[in-house]
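Colleague: Can you read through this structure? Questions will come right after.
The values are calculated or read from the model by the stated rules, or taken from the named source; none is laboratory data. Please read all numbers here as calculations on a predicted model, not as lab measurements. Reconstructed Cβ throughout: ideal geometry from the backbone, glycine too, with neighbour counts over all protein chains shown. Remember, those area values only see protein heavy atoms, side chains included, never the ligands or the DNA or RNA. Shrake-Rupley method; radii C 1.70, N 1.55, O 1.52, S 1.80 Å.
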There are 6 protein chains.
Amino acid sequence: MWLEFGRVFQQLSADADVRAVVLSGAGDKAFTAGLDVQSASQDSTLMSDQKDPARKAKGMRAQIEEFQASIGAMEKCEKPVIAAMHGIALGLAIDISCTADIRICASNTRFAVKEVDIGLAADIGTLARLPKIVGSTSWVKDVCLTARDFSAQEALAVGFVSQVHEGKEKTVQVAIDLAANIAEKSPVAVQGTKELLNHARDHSTVDTLRYTQLWNSVALQGADFPAAILSVLKKQKPTFAKL
Amino acid sequence: MWLEFGRVFQQLSADADVRAVVLSGAGDKAFTAGLDVQSASQDSTLMSDQKDPARKAKGMRAQIEEFQASIGAMEKCEKPVIAAMHGIALGLAIDISCTADIRICASNTRFAVKEVDIGLAADIGTLARLPKIVGSTSWVKDVCLTARDFSAQEALAVGFVSQVHEGKEKTVQVAIDLAANIAEKSPVAVQGTKELLNHARDHSTVDTLRYTQLWNSVALQGADFPAAILSVLKKQKPTFAKL
Amino acid sequence: MWLEFGRVFQQLSADADVRAVVLSGAGDKAFTAGLDVQSASQDSTLMSDQKDPARKAKGMRAQIEEFQASIGAMEKCEKPVIAAMHGIALGLAIDISCTADIRICASNTRFAVKEVDIGLAADIGTLARLPKIVGSTSWVKDVCLTARDFSAQEALAVGFVSQVHEGKEKTVQVAIDLAANIAEKSPVAVQGTKELLNHARDHSTVDTLRYTQLWNSVALQGADFPAAILSVLKKQKPTFAKL
Amino acid sequence: MWLEFGRVFQQLSADADVRAVVLSGAGDKAFTAGLDVQSASQDSTLMSDQKDPARKAKGMRAQIEEFQASIGAMEKCEKPVIAAMHGIALGLAIDISCTADIRICASNTRFAVKEVDIGLAADIGTLARLPKIVGSTSWVKDVCLTARDFSAQEALAVGFVSQVHEGKEKTVQVAIDLAANIAEKSPVAVQGTKELLNHARDHSTVDTLRYTQLWNSVALQGADFPAAILSVLKKQKPTFAKL
Amino acid sequence: MWLEFGRVFQQLSADADVRAVVLSGAGDKAFTAGLDVQSASQDSTLMSDQKDPARKAKGMRAQIEEFQASIGAMEKCEKPVIAAMHGIALGLAIDISCTADIRICASNTRFAVKEVDIGLAADIGTLARLPKIVGSTSWVKDVCLTARDFSAQEALAVGFVSQVHEGKEKTVQVAIDLAANIAEKSPVAVQGTKELLNHARDHSTVDTLRYTQLWNSVALQGADFPAAILSVLKKQKPTFAKL
Amino acid sequence: MWLEFGRVFQQLSADADVRAVVLSGAGDKAFTAGLDVQSASQDSTLMSDQKDPARKAKGMRAQIEEFQASIGAMEKCEKPVIAAMHGIALGLAIDISCTADIRICASNTRFAVKEVDIGLAADIGTLARLPKIVGSTSWVKDVCLTARDFSAQEALAVGFVSQVHEGKEKTVQVAIDLAANIAEKSPVAVQGTKELLNHARDHSTVDTLRYTQLWNSVALQGADFPAAILSVLKKQKPTFAKL
C-alpha cells in the first residue's frame, strides 16, 4: 500500500492537469492509526531467520529507506499538498503529514507521535521533519519522548497545523477550497514557491538566494508573469496554461 | 531607489556614530505596497528584445542578484535594525522586513506575500528567510502559496512580529525607544550579539560555538566588559565608546 | 563548579541505571542568577598580565571552549534532560536550559539573556541555540539585544518552555513525573529519539533520514521493539532492560 | 538504454550473490563515444513544440534528473564497481566512469570532457564529481573548458585512473582479477568501506566519524570480524557469507 | 590598486565582448612579490592609534574583507581566467592565482606562500583555496608552514599549475592561445562549465547535480546547443553570439 | 595506551614551550603494525556477554568514539605535527598519520589500509580523512578495498607523503629539522596557519574567508607581525615570544 502511495504522488507530480492536492483519510474515525501492530509483529524483515546482525541490518536499512521514499514522494510532488486530518492521527499520520505543505485539521483530531510506545524511534520522517516544521523544540521533544496525545488546539497553538475546523466534512471542504484557490494561480509561481521554500529548509540563506536567482531567470521568461501583471493592470482575472 | 537603499545601509553599518537603526515607511497609508506593477510591466530586462532564453537568463540573474544585494544590505548592516511597519505592507515589504532584526507593527498593518498573484515566486528574500524567521511552516506555506492578507494580530501570533501597537505614530515611537535603549548598551556586546545570532541561522551549533569562542577572544579584550562589570558592582550607568 | 557540572552529565550519560534526568535549582529564590559578577571581575584569564592581544586571545578561546564543553555535556548526555526552572533565571540560566531537551518553569520565573548588560555577547551557548529552539527570530533578537526580563507566560507563548506551573515545588514534581513516565519506556526508543531529534537540528532532512535508517537497522534488532509490540497486543505493561 | 543501465545497477546492488562489478565497453573501438549527436538533434524534449521557456524548463529539468539518476545508480550500487576503459571515451564516458569506485584504462584510451564542443555544460555528473576525484583543479578546468583530448598517461598522472595497461583485453582481465580479489574479502567490510568513503566526500570529517561509529556498531556484530581475526591467527583463508 | 583590481574583474565579468581572460605580471622579474613590506609597516589600520583591541579588530576585519573581496572578484568573474605566471611569485601571488581557473607558469617561476615569514597566517585566500586546488594536503601544509620556495616543476607535480613553459613570453603566448581557443566555443557552455565546477567545490554532489538540472534547463534553450550539434553533423565551424 | 596518546597531544597543545611536534615509531622495524589481532580477539566490548544487538551497539559506539577521540587529539593539537614513518605502517598507522599535518617517510616504509583483511571497515579515521588528504579517489578506493601494500614511492606519487628519505634515522632527522625550522617562526602565524587550513577542509570557501577575517583581526594585533616586518626591513633574524 505504501509503495502505491509513493507512486500516486509521483504521478500527481508529473500530471500537468493537477495543480494542487488534498490528502484526507477515508472514514469518520481516523486519518490513520499508523502502523498495524498485528502486521508488524509478523514483518518478514524484522522476523527473518537471518541471525547475523550485520546482515540483518542491511535488509532493515533497505526496508526503512524504501518506506521513507514512499512517504517522501508527497514532499517531492511539485504541486502543493494540503493534509486535511481528522479523528485518530497517530504515528505514521505524523510522518505523512510532515511531508505535506499545509496541515489543517478537524477539532476532534487526536494526534500522537506514538512510536516510542511501540519500542522504536520514529523512522519514517517525523524526527527529521517535525523540529523544522514547528517552532518550539521543547514541545517537540515532549510529544516525541512521551508519545502522549495532543489535541487540534494544541497543534494549532504550536503551529503544527495552521487551521482547525469543526468536523471532518468541513475540514476537507476548506482544504478543497484552499486547493481550488491555489489552482487558479500561475502554476509557474505556485510550484516555484513550493520548490524555493523547501530549498530554504535545508540550505543556507545565501545558497537559497542564489538558487532563486537561477530559478526565476527562466520562470520569469514564461507567459505567466506578464499575463498576471496585465491582469492586475486591467483588473481582469487571468488564466494560466498547464505546467 | 533600491540601489540607494543598499548604499544607505552600507553607510549606516560603517558609521561609528550609529548604534541602532529604525526603518519605517513614509506617509500614513503604507509601509510599502511592494513592486510598482505599472513600472514592472515596462522593465527593460524583462521586456528586452533579447529572444535567446539562455542569454536573457544571464541578464535576469544579474538583475535579481543586484536587487537581493541591495535589500540584503540591511541584514549585513552591523547595527541592529528595527522595522516599524504600518498600513499596507505587501510583497517587497515582506522581503525587506525579513532582513530586519526586530519587527514590530501597527495594529492596522495588512501584510501579504503577494508575489504569486503577479505570477512569480518571491525572489528578493522572502522565500529564503521567512521559514527561518517564524516557527510554523504550515502557516508560511499558506500565506506564500495563497498570497492572502494577514493581519497584525496574526503576524504576532506566529511570531513574524514581536510587538503590535496602536497606529503608526505609537509604533514608530516604540521602535525609537527600543533603538535608544539598545544604543545605550555596549556596542561591542550589541554588534557581537547580532553577528552571532545571524551566524547561528546558517551554521550548525558546533560551528557557531567555535566562531563564538574566536569572536569573544578579542571582544572581551575591549574596554566594555570591565566597564560594564564595574558599573554593575558600583550600580552606576556606564557609557561606552563608539565602535 | 562548571567542570563538575560537565563531569556529572558525562556520568549520567554512561550510567545505565539512569533513564531520564531532572535539573532544578537549589533554594527558593533562583534557578541561577548567572555569572557571579564579583568573581568575573577577578577572573585570572581576563585580568591576566598578558598584554599581547594575540596571546591573550589564545587563553580566552581555550577558556570559553572549556566552559561551553562543560555546559554542552548536558546536551550530549544520551538520556533526556528536563530543566525545571523557577525564580531568577538569568544569563547562564539560559545557556544551560538551552541544552536541556524539555524546559518547564514555575509561573514566578523571571528570565533574561543578561549578557549584553555586562558588556558581552553571550558565549556559552545561548546565541547558538536559542534561535533554533523557539520559532520567532524577532522575539529572540529583542530579548538578546535588550537584555530585558521576560516572564514564564511570555516564555510559554514563544515556545521557550512547554509548560508553566504554580511554584517551584509543583514544577519540580511535574518534571519528576514526566521523567518517570519517560523512564518506563524503552530506553532504546527514548535515547534514539533524543539522538535523532538532535541530529535533525544541525543536518539536512536527507542526511537525518539516512542516519535514521542506519540507527534503526540496529536498534530494531534489540528486544524492546518485539516486547513493546507484544505488550500492545496483549495489553500488558512491558518492562525494558537497561541500556 | 540509460534507464536500463540504472535498473541493472539497482539489481546488482540488491543481489547478494554479487560482490564486485566490472564495467567495460563492448567492441574494440570505444568505451563509449558519448552522446549520439544525430539522435540528440531529434530529442523530443529539446525539440518540443513547447514555446514557453518556463514550461519547457520543467520538462528539461525532469529529463536531466532522470538521466543523472540512471547513471548515478552505479555510484549508489553498494558493491564496488571497477570501470575498465579503452579506446574512445568521450563525454558520457566521463560522467559514467566518475561514478565508478576504481578507474583503470588501456594505454590507447582517448578521453575528453567533450560537452563544451556540443554547446553545453556537462550535466550528467562530470562537473559535479570530477573536481572531487582528481587533485588538480587547474587540470580539471583545462580539460572541461577546452574539451581537449587527454591520454591514458595524463589520466594516470593526475589520478583520474589509478592503473594503465596494454590493450583492452589485458585491462579488463586486470579489472576482473581486482574484482575477484575484493570478492573474496568480507562483504561487510568491503561494502562498509565503499559507503564510508562515499560519505566522506560530501560530509565534514566530524560527521563521517560519527556515522562511522554507528555503522561499525552493527557491522562488528556480524560473523565476519571474528572469522577474519581467527583466520589471521590461524593463518587460514576465511570464507564469508553473502550480504 | 587592489580595489581597482576588483573593479576591473567586475567589468570583465559584465562585458559581453569578453570571453576569456589572461592575467600576467608586468616586467620580466616578477608576477608579484606580494605585500610591500615597507608600505605594510605604515598601514593606517594596523598602525592606528586605536588602543582598544575590540574596536581595532572591527577595522581590521573590514579591511581584510575588502581585500578578500577585491581579489575574489577574479573568481566571481563569469569568464574563465588563466593566470600566466613567471619569475617571483610570492605571498599575494598565491592568493591571486588561487582565484584563477587555470594556472600555468614559466619554468623560472619561484613560488612561496610567504606570509608565515612576515608573522601572519595568509588571509586573502590562500589558506581557504589552496587545499581545494591541489591534491596533497601534506604538501600544502609543508609549503604554508615553512614559507619555503617551490619551483615550477614542483608546482606542476602537485597540480598547482597544469602547464610549465620556457620563459615568460612563451608562457603568456600559450595562455593567450588557450584563451582564444576557449573564446571560440559557446559562451553559454563555457560560462556554465565554470559556474558548475565552482559550485561543486563548495557543495555536496547531490546539491551540484540539482543546481545543474536547473542551470541547463534554461541554458539548453539557447541557440548554442542546436547550433553546435548542427556544426558537428555538418562538420562546420560554428560561431556563437555574445553572452 | 591510546588514551595516553590522546592525553599527550592535549598536553603538547597546551604547553606554550612546544612549537612543533615530530611523531615517529620506536625500533627499526615498524612505525606501527596496527591493531594487535591477538588482543582484539579478546576485546571485552566485542566479546561481551551482552546478546541484545541494540544494547551491544551502544557500548561499541562509545568505544569507537573514544578511540577516534584519542587519535584525533593529534589533529586538534594546535602545534604542527610531522609524522616521520618507516618500516611497517599498517592499519592504525594510516589512521594516525592522517591526523598529522605533514607526512614524510623512509624509503623502506610499507603501508597498507589493512582493515578490510580483518573483516571491518576502518573506523578510527582513515576512511574519513584519507580521501581529503590525497587527490586520487580511484587510488584511495583501490588501497582501501584491496588492503594491498603500497610503497613509499607510491605514497609520494599520490601525495600521501610529501617527502621520502633513506632509512629511519635520516627521515627522523629531516622531520626534526623541519620542526626546528617551523619552531623559529612566529607561533601566532604558524598556529593560525594550521587552524585555517584545517578549517578549509570542512567548510566552504566563503566560510573560511570569513573565519579568517575574524582570526587575523586579533592575531595581527600581537607583537609578531610588526616584529617580523621589522626583521625583514632590517634583515635581522626575529625571535618570537611563546604562545
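Colleague: Just one of D:VAL188, D:VAL172 is over 19 Å from the mean Cα position of the chain (by Cα), at pLDDT 95 or above and of a type in the set (Val, Ile, Thr); which is it?
Modeller: Numbers: D:VAL172 fails: over 19 Å from the mean Cα position of the chain (by Cα).
Exactly one residue qualifies, and that residue is D:VAL188.
Colleague: Same structure, new question: Can you tell me which residue is most open to solvent (accessible area, probe 1.4 Å) among those in the stretch C:168-186 that are at the interface with another protein chain (Cβ under 9 Å from one of its Cβ atoms) and over 13 Å from A:GLU115 (Cβ atoms)?
Modeller: At the first step, the residues of the stretch C:168-186 found to be at the interface with another protein chain (Cβ under 9 Å from one of its Cβ atoms) are C:178, C:181-182, C:185-186.
Going one step further and asking which of them are over 13 Å from A:GLU115 (Cβ atoms), we end up with C:178, C:181-182.
Values: C:LEU178: 21, C:ASN181: 60, C:ILE182: 2 Å².
Within the stretch C:168-186, the match that is most open to solvent (accessible area, probe 1.4 Å) is C:ASN181.
Colleague: In addition: Among the residues of the stretch C:219-237, is any open to solvent by less than 60 Å² (accessible area, probe 1.4 Å), closer than 30 Å to B:ALA200 by Cβ and part of a helix (DSSP H, G or I)?
Modeller: Applying the first criterion (open to solvent by less than 60 Å² (accessible area, probe 1.4 Å)) to the stretch C:219-237 yields C:219-229, C:231.
Subsequent filtering for residues that are closer than 30 Å to B:ALA200 by Cβ retains none.
No: the stretch C:219-237 contains no residue that is open to solvent by less than 60 Å² (accessible area, probe 1.4 Å), closer than 30 Å to B:ALA200 by Cβ and part of a helix (DSSP H, G or I).
Colleague: Does any residue of the stretch C:141-157 turn out to be facing chain A (nearest Cβ under 7 Å) and not hydroxyl-bearing (Ser, Thr, Tyr)? Don't jump to the end; show me each part of the working.
Modeller: Step one: list which residues in the stretch C:141-157 are facing chain A (nearest Cβ under 7 Å), which gives none.
For the stretch C:141-157, residues facing chain A (nearest Cβ under 7 Å) and not hydroxyl-bearing (Ser, Thr, Tyr): absent.
Colleague: Got at least one residue in the stretch D:191-200 being within 16 Å of F:ALA57 (Cα to Cα), in contact with a Ser or Thr (Cβ under 8 Å, 6 or more places away or on another chain) and free of Cβ contacts under 8 Å to residues at least 12 places away in the same chain?
Modeller: no
Colleague: Take A:LEU209 and tell me if it is crowded, with 20+ Cβ neighbours inside 10 Å and more than 23 Å from B:ALA73 (Cβ to Cβ). Write out each step before concluding.
Modeller: On the way: crowded, with 20+ Cβ neighbours inside 10 Å: yes; more than 23 Å from B:ALA73 (Cβ to Cβ): no.
Here the answer is no, as A:LEU209 does not meet what is asked.
Colleague: Could you check how many residues of the stretch E:158-167 are of a type in the set (Gly, Ala, Ser), within 11 Å of chain D (Cβ to nearest Cβ) and open to solvent by 10 Å² or more (accessible area, probe 1.4 Å)? Even if it seems obvious, please write down each step before you answer.
Modeller: So in the stretch E:158-167, the residues of a type in the set (Gly, Ala, Ser) come out as E:159, E:162, E:167.
Okay, now just the ones that are also within 11 Å of chain D (Cβ to nearest Cβ), so E:159, E:162.
Filter again for open to solvent by 10 Å² or more (accessible area, probe 1.4 Å), leaving E:162.
Qualifying residue count for the region: 1.
Colleague: Assess whether B:THR193 counts as being open to solvent by less than 20 Å² (accessible area, probe 1.4 Å), facing another protein chain (nearest Cβ under 8 Å) and among the polar types (S, T, N, Q).
Modeller: Working: open to solvent by less than 20 Å² (accessible area, probe 1.4 Å): yes; facing another protein chain (nearest Cβ under 8 Å): yes; among the polar types (S, T, N, Q): yes.
Judged against the criteria, B:THR193 is a match.
Colleague: Residues that are touching a strand residue (DSSP E or B) at 6+ places or on another chain (Cβ under 9 Å) and either crowded, with 24+ Cβ neighbours inside 10 Å or without any contact (Cβ under 8 Å) to a residue 40 or more places away in the chain (or both): does the stretch E:120-133 have at least one? Before you say what the answer is, go through the steps one by one.
Modeller: At the first step, the residues of the stretch E:120-133 found to be touching a strand residue (DSSP E or B) at 6+ places or on another chain (Cβ under 9 Å) are E:133.
Going one step further and asking which of them are either crowded, with 24+ Cβ neighbours inside 10 Å or without any contact (Cβ under 8 Å) to a residue 40 or more places away in the chain (or both), we end up with E:133.
Scanning the stretch E:120-133 turns up at least one residue that is touching a strand residue (DSSP E or B) at 6+ places or on another chain (Cβ under 9 Å) and either crowded, with 24+ Cβ neighbours inside 10 Å or without any contact (Cβ under 8 Å) to a residue 40 or more places away in the chain (or both).
Colleague: Taking the stretch C:1-57 only, how many residues are closer than 29 Å to F:PRO226 by Cα and not hydrophobic (A, V, I, L, M, F, W, C)?
Modeller: The first filter runs over the stretch C:1-57 and keeps only residues closer than 29 Å to F:PRO226 by Cα, leaving C:44-57.
Those left that are additionally not hydrophobic (A, V, I, L, M, F, W, C): C:44-45, C:48-53, C:55-56.
Residues meeting the conditions: 10.
Colleague: With the requirement that a residue be open to solvent by 30 Å² or more (accessible area, probe 1.4 Å) and either touching a Phe, Trp or Tyr at 6+ places or on another chain (Cβ under 6 Å) or within 12 Å of chain C (Cβ to nearest Cβ) (or both), what does the stretch F:68-96 give you?
Modeller: Result: F:LYS76, F:GLU78.
Colleague: Out of the helices (runs of 4 or more DSSP H) lying entirely within the stretch D:1-86, which hold 3 or more residues that are of a type in the set (Val, Ile, Thr) and without any contact (Cβ under 8 Å) to a residue 12 or more places away in the chain? Full working, then the answer.
Modeller: Working: elements: D:2-14, D:37-40, D:53-76.
Correct list: empty, since no element meets the threshold.
Colleague: Here is a follow-up. Can you pull out every residue in the stretch A:196-221 that is more than 7 Å from every other protein chain (Cβ to nearest Cβ) and of a type in the set (S, T, N, Q)?
Modeller: Passing the criteria: only A:ASN198.
Colleague: Here's something else I'd like to know. Can you tell me which of B:GLN38, B:GLN11, B:GLN42 is surrounded by fewer than 21 Cβ atoms within 10 Å (Cβ to Cβ) and at pLDDT 95 or above? Steps first, answer last, please.
Modeller: Details: B:GLN38 fails: at pLDDT 95 or above; B:GLN42 fails: at pLDDT 95 or above.
Just one listed residue meets the conditions, B:GLN11.
Colleague: While we're on this one: Checking the condition away from chain B (no Cβ under 14 Å), β-branched (Val, Ile, Thr) and touching a helix residue (DSSP H, G or I) at 6+ places or on another chain (Cβ under 7 Å), which residue from A:ILE102, A:ILE118 passes?
Modeller: Details: A:ILE102 fails: away from chain B (no Cβ under 14 Å).
Result: A:ILE118 is the single residue among A:ILE102, A:ILE118 that is away from chain B (no Cβ under 14 Å), β-branched (Val, Ile, Thr) and touching a helix residue (DSSP H, G or I) at 6+ places or on another chain (Cβ under 7 Å).
Colleague: Oh, and also: Within the stretch D:134-157, take every residue that is open to solvent by 40 Å² or more (accessible area, probe 1.4 Å) and of a type outside the set (Gly, Ala, Ser) and give me the one that is farthest from D:ILE176 (Cα to Cα).
Modeller: Here is the first cut: in the stretch D:134-157, the residues open to solvent by 40 Å² or more (accessible area, probe 1.4 Å) are D:148-149, D:151, D:153-154, D:156-157.
From what is left, the residues that are of a type outside the set (Gly, Ala, Ser) are D:148-149, D:153-154, D:156.
Values: D:ARG148: 30, D:ASP149: 27, D:GLN153: 21, D:GLU154: 24, D:LEU156: 19 Å.
That would be D:ARG148.
Colleague: Are any residues in the stretch D:144-183 free of Cβ contacts under 8 Å to residues at least 60 places away in the same chain and either in contact with a Gly (Cβ under 6 Å, 6 or more places away or on another chain) or farther than 24 Å from F:ILE133 by Cα (or both), and if so, which ones? Give the steps one after another, and end with the answer.
Modeller: Looking only at the stretch D:144-183, we keep the residues that are free of Cβ contacts under 8 Å to residues at least 60 places away in the same chain, and these are D:144-160, D:163, D:169, D:173, D:177, D:181.
Result: D:LEU145, D:THR146, D:ALA147, D:ARG148, D:ASP149, D:PHE150, D:SER151, D:GLY159, D:GLU169, D:GLN173, D:ASP177, D:ASN181.
Colleague: Condition check: at pLDDT below 95 and within 14 Å of chain C (Cβ to nearest Cβ). Does F:LEU243 satisfy that?
Modeller: Values: at pLDDT below 95: yes; within 14 Å of chain C (Cβ to nearest Cβ): yes.
Here the answer is yes, as F:LEU243 does meet what is asked.
Colleague: When only residues in the stretch D:45-67 that are open to solvent by less than 30 Å² (accessible area, probe 1.4 Å) and under 29 Å from D:PHE150 (Cβ atoms) count, which is modelled with the highest pLDDT?
Modeller: D:ILE64
Colleague: Assess whether E:PHE111 counts as being within 13 Å of chain F (Cβ to nearest Cβ), open to solvent by less than 20 Å² (accessible area, probe 1.4 Å), at pLDDT 95 or above and under 20 Å from E:ALA84 (Cβ atoms).
Modeller: Numbers: within 13 Å of chain F (Cβ to nearest Cβ): no; open to solvent by less than 20 Å² (accessible area, probe 1.4 Å): yes; at pLDDT 95 or above: yes; under 20 Å from E:ALA84 (Cβ atoms): yes.
Answer is no for this residue.
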